[in-house]
1. Name the single residue that is most open to solvent (accessible area, probe 1.4 Å) among those in the range 523-547 being hydrophobic (A, V, I, L, M, F, W, C) and either more than 13 Å from the ligand (Cβ to nearest atom) or outside the structural domain of THR482 (by TED's automatic domain parsing) (or both).
2. Among the residues of the range 208-221, is any in contact (Cβ under 8 Å) with a residue 12 or more places away in the chain, crowded, with 22+ Cβ neighbours inside 10 Å, within 21 Å of the chain's Cα centre (by Cα) and not in a helix (DSSP H, G or I)?
3. Any residue that is among the hydroxyl-bearing types (Ser, Thr, Tyr), part of a loop (DSSP other than H, G, I, E, B) and in the same structural domain as TYR154 (by TED's automatic domain parsing) - is there at least one of those in the range 40-56?
4. So, of the residues in the range 372-406 that are modelled with pLDDT under 95 and of a type in the set (Lys, Arg), which turns out to be nearest to GLN422 (Cα to Cα)?
5. Within the range 46-62, can one find any residue that is over 25 Å from CYS284 (Cβ atoms), out of contact with any Phe, Trp or Tyr (no Cβ under 9 Å at 6 or more places or on another chain), modelled with pLDDT of 95 or more and open to solvent by 20 Å² or more (accessible area, probe 1.4 Å)?
6. Hey, among PHE500, PHE400, PHE445, PHE430, which residue is more than 11 Å from the ligand (Cβ to nearest atom), closer than 30 Å to ALA519 by Cβ and either touching a residue at least 12 places away in the same chain (Cβ under 8 Å) or not in a strand (DSSP E or B) (or both)?
7. Looking at (1) within 15 Å of PHE528 (Cα to Cα); (2) at pLDDT 95 or above; (3) not β-branched (Val, Ile, Thr), which is the one condition that is false for GLY432?
8. Looking only at the range 469-482, how many residues end up being more than 18 Å from LEU415 (Cβ to Cβ), more than 10 Å from the ligand (Cβ to nearest atom) and in contact (Cβ under 8 Å) with a residue 12 or more places away in the chain?
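The values are calculated or read from the model by the stated rules, or taken from the named source; none is laboratory data. Not measured: the values here are computed from a predicted model. No Cβ is skipped: glycine too gets one built from the backbone with ideal geometry, and neighbour counts run over all protein chains shown. In case anyone asks, the SASA skips ligands and DNA or RNA and just uses the protein heavy atoms, side chains included. Shrake-Rupley method; radii C 1.70, N 1.55, O 1.52, S 1.80 Å.
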Amino acid sequence: MGAFKEPHGGELKQLYLDEDAAEQAKKDAADYPTWDLTARQLCDIELILNGAFSPLEGFLGKADYDGVVDNMRLANGILWPMPITLDVSEEFAGTIKEGGKVTLRDAEGDVIALLTVSDIWTPDKAKEAREVFGSEDEAHPAVHYLNNIAGPVYVGGSLEGVSVPTHYDFKLLRDTPAELRGRFRKLGWRKVVAFQTRNPLHRAHQELTFRAAKESEANLLIQPVVGLTKPGDVDHYTRVRCYEHVLEQYPEQTTTLSLLNLAMRMAGPREAVWHGLVRKNYGCTHIIIGRDHAGPGQDSNGEDFYGPYDAQELFKEHEEEMDISMVPFKMMVYAENKAQYIPADETDKSDNVLNISGTEFRRRLAEGLDIPDWFSYPKVVEELRKSYPPRHKQGFTVFFTGLSGSGKSTIANALLVKLLEQGGRAVTLFDGDHVRKHLSSELGFSKEHRDLNITRIGYVASEVTKNGGAAICAPIAPYTATRRTVRNMIEAHGGFIEVFVSTSLEVCEQRDRKGLYAAARAGKIKEFTGISDPYEEPENAEVVIDTEELSPDLAAQRILVKLESMGFIR
Ligand code: PPS
């Protein structure tokens, strides 16, 4: 396989207009309907325009899309496994026509490209899910995206690039295919093995990548994905700082690092072929394909979406045509008795093999426990510990929910004082009444307004949590779905402890400290929770408090014990 032949399907595409034409296009752009590109579309368009997705010249038209979905081929027969489509709303689709132009902008309103529309159609998403991702199960992140996030109409057409999408981070590490090919040429690298990753690298990865490069007598390109990866992955800022540390571990002049702004689909076998074609475009001659490459995890029945070697098999079938070689990924394990990493299939009975799984590694990070040097590099662990501090250094939100007069505020106040007494974190209380006065004064009690009120509280609490503080929220929050939304907002940044104050309606009404229940019964207050408006009881709250049994002091104490057992306070 020769290095640096032009990629499959012809030359490397470069779809940007020259400077004068781009200036003119920016002026013309105002005359066309505008579509604001989504985060995924921005990733896709960058790689179409810079040639990483050669031979694509735009978002797929209908014939190409059908071919790609049915048999991984464009209408002209060229291998291309992933539908790269521009999904839009029905409303927007109604404003455009085939043959017309569309202005594509980024979130700041900058014109990225002009699209000449070739096709507008409504795809069969269930078929796309089955054929491309092998399943209609929404536990697959790409199927979830297809069904719930992507617009219902696809628009195909060719692109004229106007401006390069802006990145403010890691500028020196971002390369176009032409730039990376140029670097390889300059360095005299005739054979290059690419390593694709969306995770931080530890010693085992360094060992396996270096071994793969050595065995192929090639140089090594670490090309991590920094576009969109699997939800829950380590953020790319942290990862890139880690990669830079790992780079120091390779012998000089052997290895280079370049970031790829790809939006992954986690499509296993098809994704592996796609990754191969992209790396070929970047000038690589080999790519490492591992066990369960780009795997999406498990489906709703707890079964793997793809077999562990499906990706390698599909790649092998098309390897010749793709003109890039697969280097199968070897599992490396640490043999303590030999004080070195060896391939798992070369160990023998006398070896004392050590391993720390991904889950165990995350547990140790969360609890601030030891991570041995044989597993990772101290500088990598330090970066990860800074971004993912142990729980006792993370922020958290205690979110009370319960009927009016159930005792939420009283317990919340007791908890506030106890946390302040302990010290160590800034504590902020968002009590229902206070929030209604300062944050949501214009809102009433319709479902829509209550949801808005709760998501506002959730947003502010998530900011407090993100910055390491403790937020205590005490609204009624009557709807399960809204509470779940808030949980998702906050759990991304720290702890979320839902406390259901389960005081019954009868008791709340008997107490009626503010006289609101009487007024509600008399019809003077409308939409009153429990009387004329619903309250959906939480089923999975971390703490349930029955105020008929527990004093506010003991209730607050119970929450502190929960926080302790979860590791947030010690
Ligand atoms: S919600 O549903 O979470 O947005 O409600 P919240 O922001 O917690 O506001 C509840 C407080 O507002 C007073 N109030 C009412 N509650 C429920 N329904 C109606 N219609 C209503 N009108 C006024 C009441 O005092 C609630 O305070 P708490 O502290 O819960 O008793």
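1. Of the residues in the range 523-547, the ones hydrophobic (A, V, I, L, M, F, W, C) are 525, 528, 531, 541, 543-545.
In the following step, the residues that additionally are either more than 13 Å from the ligand (Cβ to nearest atom) or outside the structural domain of THR482 (by TED's automatic domain parsing) (or both) were identified as 541, 543-545.
Values: ALA541: 22, VAL543: 6, VAL544: 76, ILE545: 1 Å².
Looking at the filtered set, the residue picked out is VAL544.
2. Scanning the range 208-221 turns up no residue that is in contact (Cβ under 8 Å) with a residue 12 or more places away in the chain, crowded, with 22+ Cβ neighbours inside 10 Å, within 21 Å of the chain's Cα centre (by Cα) and not in a helix (DSSP H, G or I).
3. Going through the range 40-56, the residues among the hydroxyl-bearing types (Ser, Thr, Tyr) turn out to be 54.
If we keep only those that are part of a loop (DSSP other than H, G, I, E, B) too, we end up with 54.
Add one more test, that the residue is in the same structural domain as TYR154 (by TED's automatic domain parsing), and what stays is 54.
Yes, the range 40-56 contains a residue that is among the hydroxyl-bearing types (Ser, Thr, Tyr), part of a loop (DSSP other than H, G, I, E, B) and in the same structural domain as TYR154 (by TED's automatic domain parsing).
4. LYS393
5. So far as the range 46-62 goes, no, none of its residues is over 25 Å from CYS284 (Cβ atoms), out of contact with any Phe, Trp or Tyr (no Cβ under 9 Å at 6 or more places or on another chain), modelled with pLDDT of 95 or more and open to solvent by 20 Å² or more (accessible area, probe 1.4 Å).
6. On the way: PHE400 fails: more than 11 Å from the ligand (Cβ to nearest atom); PHE445 fails: more than 11 Å from the ligand (Cβ to nearest atom); PHE430 fails: more than 11 Å from the ligand (Cβ to nearest atom).
Testing whether each residue is more than 11 Å from the ligand (Cβ to nearest atom), closer than 30 Å to ALA519 by Cβ and either touching a residue at least 12 places away in the same chain (Cβ under 8 Å) or not in a strand (DSSP E or B) (or both) leaves just PHE500.
7. (2)
8. First pass over the range 469-482, keeping only residues more than 18 Å from LEU415 (Cβ to Cβ): 478-482.
Restricting the remaining residues to those that are more than 10 Å from the ligand (Cβ to nearest atom) gives 480-481.
Narrowing further to those that are in contact (Cβ under 8 Å) with a residue 12 or more places away in the chain: 480.
Count: 1.
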